[in-house]
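Let me begin by presenting the structure, written as structure tokens, before commenting on it.
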Amino acid sequence: MLATLIPLFDDNMFVCAYSVFARKENHFLNPNYEGGARYDGAGTVHELEVVSSMGVGTLSGGKEVFVPVNQFSIYAEISLQCTVPANKVVLLMDNTIVPNEQYIKRVKELKSQGYKLAIRKLQIADFEPYKDIIGQCDYILLNHSKIDISKAKIYFSQVYPNVKLIAVNVESQEDYEVLKEDGGYDLYEGSFFRMPVKKSETEVNPLKVNYVELLNVVNAPDFDLQKAADVIGKDPALVISLLEMVNRMALNSDITSIRHAAAMLGQKELKRWINTAVTKELCSDKPSEITRLSMIRAKFAEGLAQPFEMAMASQELFIMGLFSAIDIMLDKTMEEALNMVQVSKNVREALLENKGDFAKILNFIRRYEDADWTEVSRLMVLDNIDMDEVYEAYLNALKWYRDLFPQK
């Protein structure tokens, strides 16, 4: 099994939901799945297996999850496969579900069971024939580049006033800003939040300079615990976070100072905590998805170290994933950002030049995030990597992030 999450944003870049995409088999190892065998087990919604096994708390932080269904799986016993509340699941249909009496009846049944509904891959000419299905939907996903949103907004507000519009394939920040200004869409999906910064436009604010200093302290060889504690002491939020964590670990110990707390953790754990806590602070003025992306990439990269036969480099790979969006965090180009922080040669080559063994894992993670299962499968075959190991590493990353930032 392979599975990934793709976020859906609102006008404030707040993540409101996630689409779940999964693949059960490696099609490179099982070529028949590219032919007629691809319909084997088509009545099972594999994404629901992921949602049910993980729960929406771990998987999406309690937000809605969009689960794709096709012309076969829409007839599955969805209520038996799904163990999470129906109102947290949005069944995402496509144009393989045609607007005939049989499908319309099934769509209404699912709606009556409490599931939310969405549809994608419709052309403008399909809107009228699909009216009985669209009328049951909570969302419709539209390719913004092929839609005049000013006309679509009028049409949907008059004909389907309760259907929310989602712009898909939003590939740049500029496109997002234009669409947001037009005001026709409720949500957006696209990779624009992961686009690298092309040029530097601002100076790093003083608080972030402190964080960068702290990163450099703990990522230096044999860093000094006392020096790290002194830098932590410059930021009240980090002090509180550190003391809370250490108090949880040492219930019967009185923590007398920041230096004492740092010593209680030790070098290895303090380094791990600082890298994650500081990354969160660096992202505080960015969309929450940037924090989540960086953290999950870090833990996922660490988890992939063993399958890619780089177990000795797992900590370095963690840092690579964590800093993979540092250009966005600091509003600098990647080269400028990496000149500010201390990283290993392997991490720098991967992030800046897409070279070296680490780049292989970073590229794998990026393809995985995009649900590019064909390329992911090819890469697993090339490196003789077991699909279940990859899936386990990803789920462990989600669980780790959940525990790191528990829902309040």
- Query: Pairs under 9 Å by beta carbon, first residue farther than 12 Å from Asp94 by Cα in the stretch 122-133, partner hydroxyl-bearing (Ser, Thr, Tyr) and not in a loop (DSSP other than H, G, I, E, B), six or more apart or different chains?
  - Reply: Phe127/Tyr155
- Qualifying residue in the stretch 313-323 (condition: more than 15 Å from Leu215 (Cα to Cα), assigned by TED's automatic domain parsing to the domain that holds Val341 and not aliphatic (A, V, I, L, M)): yes
- Task: Name the residue, out of Ser324, Ser314, Ser344, that is modelled with pLDDT of 90 or more and surrounded by fewer than 22 Cβ atoms within 10 Å (Cβ to Cβ).
- Result: Ser314
- Subset of the stretch 114-129 (residues that are surrounded by fewer than 21 Cβ atoms within 10 Å (Cβ to Cβ) and of a type outside the set (Lys, Arg)): Gly114, Leu122, Gln123, Ile124, Ala125, Asp126, Phe127, Glu128, Pro129
- Query: Which pairs have Cβ atoms under 7 Å, sit 6 or more apart or on different chains, and link a residue in the stretch 264-286 that is assigned by TED's automatic domain parsing to the domain that holds Asp235 to one that is modelled with pLDDT under 80 and of a type in the set (Lys, Arg)?
  - Reply: Leu282/Lys208
- Message: Restricting to the stretch 50-86, give me the number of residues that are outside any loop (DSSP other than H, G, I, E, B) and not charged (D, E, K, R).
- Response: 23
- Run down Ser53, Ser73 and say which single residue is assigned by TED's automatic domain parsing to the domain that holds Ser19, of a type outside the set (A, V, I, L, M), at pLDDT 90 or above and within 20 Å of Leu2 (Cβ to Cβ). Ser73
- Checking Ala3 against (1) buried (at least 17 other Cβ atoms within 10 Å of the Cβ); (2) within 22 Å of Asp403 (Cβ to Cβ); (3) modelled with pLDDT under 85, which test does it fail? (3)
- Item | Filter result for Met295 (farther than 16 Å from Phe358 by Cα and either at pLDDT 95 or above or crowded, with 21+ Cβ neighbours inside 10 Å (or both)) | yes
- In the stretch 150-164, what residues are over 27 Å from the mean Cα position of the chain (by Cα) and surrounded by 16 or more Cβ atoms within 10 Å (Cβ to Cβ)? Ala152, Lys153, Phe156, Tyr160
- Message: Take the residues in the stretch 337-366 that are in a helix (DSSP H, G or I) and in contact with a Lys or Arg (Cβ under 9 Å, 6 or more places away or on another chain); name whichever of them is nearest to Ala397 (Cα to Cα).
- Response: Ile365
- Which numbered condition Ile104 misses (of (1) farther than 20 Å from Ile166 by Cα; (2) crowded, with 19+ Cβ neighbours inside 10 Å; (3) among the aliphatic types (A, V, I, L, M)): (2)
- Here the residues within the stretch 330-370 that are farther than 22 Å from Gln306 by Cα and among the aliphatic types (A, V, I, L, M) are Leu330, Met334, Ala337, Leu338, Met340, Val341, Leu352
- Query: Which ranges mark the helices (runs of 4 or more DSSP H) fully within the stretch 159-260 that have 1 or more residues being of a type in the set (Lys, Arg) and at pLDDT 85 or above?
  - Reply: 173-182
- Of the numbered conditions (1) under 23 Å from Arg402 (Cβ atoms); (2) out of contact with any helix residue (DSSP H, G or I) (no Cβ under 9 Å at 6 or more places or on another chain); (3) assigned to a strand (DSSP E or B), Ala118 satisfies every one except a single condition; which is it? (1)
- Message: If I go through the stretch 215-232 residue by residue, how many of them are under 13 Å from Val278 (Cα atoms) and surrounded by fewer than 18 Cβ atoms within 10 Å (Cβ to Cβ)?
- Response: 1
- Exactly one of (1) assigned to a helix (DSSP H, G or I); (2) loosely packed, with under 14 Cβ neighbours inside 10 Å is unmet by Lys111. Its number? (2)
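The values are calculated or read from the model by the stated rules, or taken from the named source; none is laboratory data. Since the structure is predicted, the reported quantities are computational estimates derived from the model, not experimental observations. With ideal geometry, Cβ positions are generated from the backbone for all residues, glycine too; neighbour counts draw on all protein chains shown.
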